Amino acid sequence: MWLLDVDGVINVSRPGWGAAPRSGNAYSAGEAYRMRWAPALLERIRTLHYAGIVEIRWCSTWCPDADQVERLFALPRLDRAWSDHLTDTAAAAAKLAAARQVLAQGRRLIWTDDVEVPTSGPVHDELTKTGRALLIAPSQRRGLQPEHMDAIEAFISTPSTEALSAVTDDASAADAMLFARRLLGN
């Protein structure tokens, strides 16, 4: 299960990816919000979804308005971690609860969030102790990068007993990818 945030993960100020970013508006509670994203990132997300190799679930303050970002990003309808508008504090608690629920169900977890993914400490240790969680906290200005997607794809194709435990920045994403390639013999 991939818990996917929007702002700071897909919607970012400097997405990179070697091509011009796209932009457009998504709407929530009658307000227009300017979005900026890398088309190549969304293509990789779509590819994983349509291949059926990972279940993607929105885990974002955009959950109640996910249809807006799905329309804008040309993504299929994805499940939502919740459906109500939440305050930032309540959303932070709901995101962690969603991550814990995935693991409690015995499933593997990919969690991408620029703010709420713990990069160290007791909650990080709790989530990663079984090796069934890949945690990625990208730069909120750059969001998910190709090396993050490489790590996600490697995690999906790696047996859970050899799973990657955490990726928190571009340097560790590259290290995780090298580790995954060694595990897979690539």
(message) Could you order the peptides 82-95, 128-141 from most to least packed, using the average number of other C-beta atoms within 10 Å per residue?
(response) 128-141, 82-95
(message) Past the 26 angstrom mark, what percentage of all C-alpha to C-alpha distances in segment 2-184 do you count?
(response) 24 percent
(request) Work out, step by step, the length gained on full extension between residue 67 and residue 40: first 0.36 nm times the residue separation, then minus their alpha carbon distance; give nm to one decimal. (result) 7.7 nm
(message) As a test of the formula, what do you get for the chain when each DSSP H run with n ≥ 4 contributes -39,500 (n - 2.57) and the sum is divided by the residue count, at 222 nm and rounded to the nearest 500 deg cm²/dmol?
(response) -12000 deg cm²/dmol
(request) For the chain, set up a Gaussian network in which alpha carbons nearer than 10 Å are linked by springs, and say which option among 23, 60, 120 fluctuates the most. (result) 120
(message) Treating only the Cβ of Lys, Arg, Asp and Glu as charged (+1, +1, -1, -1), what charge dipole size does the chain show about its Cα centre? Round to the nearest 20 debye.
(response) 340 debye
(message) Along the Cα→Cβ direction, 7 angstrom out, place labels at residue 53 and residue 129. What is the inter-label distance in nm?
(response) 3.1 nm
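Readers should treat all values here as calculations from the given coordinates under stated rules, not as data from a laboratory. Please read all numbers here as calculations on a predicted model, not as lab measurements. Cβ sites come from the backbone with ideal geometry, for glycine too, and all protein chains shown count toward neighbours.
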